[in-house]
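For reference, the structure is listed below as structure tokens.
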Amino acid sequence: MAGYIDFIKNRITTFLTLLELSMAFYKMLLKLDDYPEFHDVLVGFDVQSFYQALHTRANHLMNGFFFPEMAMFYKASQTILHGFFIRPQSFRMRIDDVEHYLSGLIAYQRFLKSAAYPKLASKSDTVIE
């Protein structure tokens, strides 16, 4: 994850699996609280940058959502309304893409509702020493 934070944060396209990956990593951070003997795997890792990238990526995924104001310009707007699309692929909508969108966004919503941050993230400095 350490080498991908800038990619996750700055990727122009929605790249839907990045949020899923980030949420899986978040769950790993929570799990590390139970195993302090493994904290050394994160030495030098900037946890706060990870959270910034996570929030940026989740917000960016909304660029692939068919809001009513956008769907109304398509022939069968009711069939695509509130769906998800891939812009660089001619606004393609596939079931596996929708699954990736939903999987990542639902995990992100659960994270926001729980407000559970790992103890590692509460350190006063942002880089784990």
Q: Please name all residue pairs, on different chains or six or more residues apart, with Cβ atoms under 6 Å, provided the first residue is in segment 101-121 and is closer than 15 Å to residue 29 by Cβ and touching a residue at least 60 places away in the same chain (Cβ under 8 Å) and the second residue is of a type in the set (Gly, Ala, Ser) and open to solvent by less than 50 Å² (accessible area, probe 1.4 Å).
A: 108/58
**Q.** Selection count, segment 80-89, where residues are open to solvent by less than 100 Å² (accessible area, probe 1.4 Å) and assigned to a loop (DSSP other than H, G, I, E, B)
**A.** 3
Q: Sort through 66, 7, 15, 50 and tell me the only one that's under 15 Å from the mean Cα position of the chain (by Cα) and within 15 Å of residue 102 (Cα to Cα).
A: 15
Q: List every residue pair whose Cβ atoms sit under 8 Å apart, with the two residues 6 or more apart in sequence or on different chains, where the first one lies in segment 10-32 and is over 15 Å from residue 116 (Cα atoms) and the second, anywhere, is of a type in the set (S, T, N, Q).
A: 14/63; 20/103
Q: Scan the helices (runs of 4 or more DSSP H) fully inside segment 1-79 and keep the ones with 2 or more residues being open to solvent by less than 40 Å² (accessible area, probe 1.4 Å).
A: 5-10, 17-32, 47-60
Q) In this structure, is residue 94 under 21 Å from residue 10 (Cα atoms) and surrounded by 11 or more Cβ atoms within 10 Å (Cβ to Cβ)? A) no
Q: Just name the residue that is modelled with the highest pLDDT out of those in segment 90-129 that are outside any loop (DSSP other than H, G, I, E, B) and acidic (Asp, Glu).
A: 99
Q | residue 120 vs. criteria closer than 26 Å to residue 5 by Cβ and either crowded, with 17+ Cβ neighbours inside 10 Å or of a type in the set (Val, Ile, Thr) (or both) | A | no
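The values are calculated or read from the model by the stated rules, or taken from the named source; none is laboratory data. Nothing here was measured: the structure is a model prediction, and the numbers come from that model. Note: ideal-geometry Cβ built from the backbone for every residue, glycine included; neighbour counts use all protein chains shown. We work out accessible area using only protein heavy atoms, side chains counted, and drop any ligands, DNA or RNA first. Shrake-Rupley method; radii C 1.70, N 1.55, O 1.52, S 1.80 Å.
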